[in-house]
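To start, the structure itself, in structure tokens.
What follows draws every value from the coordinates through simple rules; no lab data is involved. Note that the coordinates shown come from a computational prediction; the quantities given were computed from them, not determined experimentally. Cβ coordinates were reconstructed from backbone atoms using ideal geometry, including for glycine residues, and neighbour counts include every protein chain displayed.
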Amino acid sequence: MLETPANGSRPRASPRTAPPPKTRVTTGRPGGLGTFGGVFTPSLLTILGVIMYLRFGWVVGNVGLLGTLVIVTLSTLITFLTALSIAAIATDQRVRTGGAYYMISRSLGIETGGAVGIPLFLAQALSVALYTVGFAESVVGAFPGADARTVGVITTIAVALLALISARVAIRSQYIIMGAIALSLISLVLGSPLDPASAGAVNVGPGGGTGPLGPEAIEAARQPFWVVFAVFFPAVTGIMAGVNMSGDLAEPNKSIPRGTFAAIGVGYLIYMGLPLLLAARADEASLLLDPLVMRRISLWGDAILLGVWGATLSSAVGSILGAPRVLQALARDGVLPRRLRWLGKGSGADDTPRAGTIVTLVLALGAVWVGDLNLIAPVLTMFFLTTYGVLNVAAGVERFLGSPSFRPQFQVPWALSLLGAVGCIAVMLLINPLATGAAAVVVGGVFIWLERQGLEATFGDVRRGVWMSLTRTGLLRIRSDSDPRNWRPHFLVLSGAPTRRWPLIELADAFTQSRGLLTVATVVPLDAVSAQRREAQEQSIREYLGKRGVQGLVRVVPAPDPFAGAERLVEYYGLGALSPNTVLLGDTARTELRDRYCTMIERFHEARRNIVIVRDAEDRGFGDRQRVDIWWGGLQGNGALLLILGYLLSSSLAWRGADVRMITVVPNEEAKESTLRHLHEVVAATRTGVRPVVEVSHGRSFDQVLHEVSRDSDLVLMGLQAPETRGDVDYRSYIETMRERTSDLPTTLFVLAGEEIVFREVLLRGE
């Protein structure tokens, strides 16, 4: 079977500790918050917030009743699809502190979670400013003498202090706020249309005084459909308020889906009903330019002020409870720089992130100082849509892969989750393509930065499942029969202990670099090592390869003796078309093992494997890696494979720029010119880039020419005859002769082509 790559993607779990299995614990924090108080209340109060009271009339005035209903439905649909994905993830795993960040990081990996979690924290922090700025705007509308910035700053500090006291106290305070909102909505329903005398005028003070509106002011207030959508969308992002409180819930996997769906449903009904009242009771000018138009059409206008203040404050509280908890989770997972890890600390029995709350407060105060509601809302929309999109991708991919570990109690078809992701991306592009690109750059930049940090997590994620699915699909589609056009070098290195025979691995890595698979194998005594010990050895070898930048698979095989183990490995190791096609091994200096060694070579050849034997010149190694000599006798037999290996070597990083010579010996000068012309034609046809060299023997033996020409080279490649071609001659004697003939040469590779493939066709594709 195939092994885990030693390098290529960092392990997602601690190298000596297996990742803990997913659990389906229905109990969370003992005595924690319930569905109504922990999810439904904060979610609904964040939905029924500042946008509803201060911008809903503006939405209706800009796009009309039908356009408003479309915006509400489209926004809620995206939120609902995301809620389905959240429900699936929440009922599959214990959702801890961090909410959306926690879900994404445990599904798509810590880098993806961090890339979304950091912008999500910023969005939550800016949400505090959105709501307190809305509160300040409503206060100034009721009391024109008040200063908006001062009110906003004081309010932001007040909600932060409330969050610092206790999440439970903050949640309880929202029940009073919910009563105020309910009172305001009842007052609005029981209200009446604007007096015709005041139509077309704006409320300018607490006494109900009005001022005239000109056509220029009305026209200047108009905005395109997608700009209006961007301003409205934060009104339906309240589902994050409940999700972000996941660490404080008693039963998060039950409370999150139930509370979230209930809040979405109630919010949708209210948002679909309010435009009917607004369109029927107020004129276009008042809707466009009077943020407190609801106050003028209610039975008791001041109830709307209570609702506005309650909604904005409750939403601000919900955001300032959620943002620090996302920051806390980021710090605890090591996503933030080391000097910021103190942000992961919690205080008291509720694990209140007080340090994170102070950081959130500072960011929110900066945004409050800007004080532009219409500027802050679209920024939040982009970040929330990004988070929603990634949440949908996480749930969709988990479901699509069909991993046995993903068993949510709330089943959602993967197509719905991916539809939600597509909807998020489409809406982002329609709102502002430039801002969408900027959001992608921010998320991508954070992802790349986190990748470079070399984070290791003690939890698994879906990425391994993605690769497993792709590998399965690829293996089933790759034909098992030989295909010269798509031949790849898949090397099996019989290295023994890598530290002792590193040149073998180094050479095989040069041949396979970014082109084929490399497996490093060692045979251990059958009874001397336990299964756990073998696994530890494999892990140790993986780490050793990874530190040296070698990407490869690792296999440790128990066997009665090294030769039997190697033969069994070559015969059975591999999967489909990805079985190793080339065996690379070292020579043996022990004469008592030569017979068994040569028998093993014959077995490898019978198994249709190419063989590369490395006779290492220990005193020279690979020299300067500047010259490679291929002693060539034509494209037939081993010749084509020799040229392929020479090309692979010269195009590797370690041997790049080396002078690869294709050397042929002729008896006299008359044969030299025609032979050299033929070699140039072969090189041009094969596009290997080797340099043809023709040596004239002048009566010298081949061995003399060989030693004179290649004595200063760094690597020599020569072909081996196949065992069946030796007739009655003992194959051991032949191997002994080849060793003696090359004993004084630099490191030499003996190459024997055994694979059922015409290597000539690999070289001359299309010729």
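Here are the numbers:
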item	result
Residues TRP342, TRP655, TRP502 arranged by fewest to most Cβ contacts within 10 Å	TRP342, TRP502, TRP655
Difference of contour (0.36 nm per residue) and Cα-Cα distance, VAL683 to ALA722	11.5 nm
FRET efficiency for MET468 and VAL370, using Cβ-Cβ distance with R0 set to 45 Å, rounded to 0.05	0.40
Within the range 575-609: backbone nitrogen closer than 13 Å to the ILE478 label point (7 Å, Cα to C-beta)	575-582
Sorted by Cβ density within 10 Å, fewest first, the residues GLU535, GLU111	GLU535, GLU111
Packing-based exposure ordering (other Cβ within 10 Å, fewest first) of HIS707, HIS490, HIS680	HIS680, HIS707, HIS490
Efficiency of FRET from Cβ geometry, TRP502 and ALA426, R₀ 41 Å, rounded to 0.05	0.20
Fully extended contour minus Cα-Cα distance, from THR737 to ALA607, at 0.36 nm per residue	44.4 nm
Nearby aspartates and glutamates by direct alpha-carbon distance to LYS254 (threshold 12 angstrom, same-chain neighbours under 8 apart not counted)	ASP92
Karplus 3J(HN,Hα) series, Hz, for the range 633-645 with 6.51 cos²θ - 1.76 cosθ + 1.60 (x for Gly, Pro)	x, x, 6, 6, x, 7, x, 5, 5, 4, 5, 4, 5
Separation in nanometres of the label points that stand 7 Å from Cα toward Cβ, at GLU755 and LEU190	8.5 nm
Derived scalar couplings ³J(HN,Hα) [the range 504-516; Karplus, 6.51 cos²θ - 1.76 cosθ + 1.60; whole Hz; x for Gly, Pro]	4, 5, 4, 5, 4, 4, 5, 5, 9, 3, 6, 10, x
Chain lengthening between ASN668 and LEU434 when straightened (0.36 nm per residue, less Cα-Cα)	77.0 nm
Theoretical FRET efficiency, 1/(1+(r/R0)^6), r = Cβ-Cβ of SER514 and VAL227, R0 56 Å, to 0.05	0.75
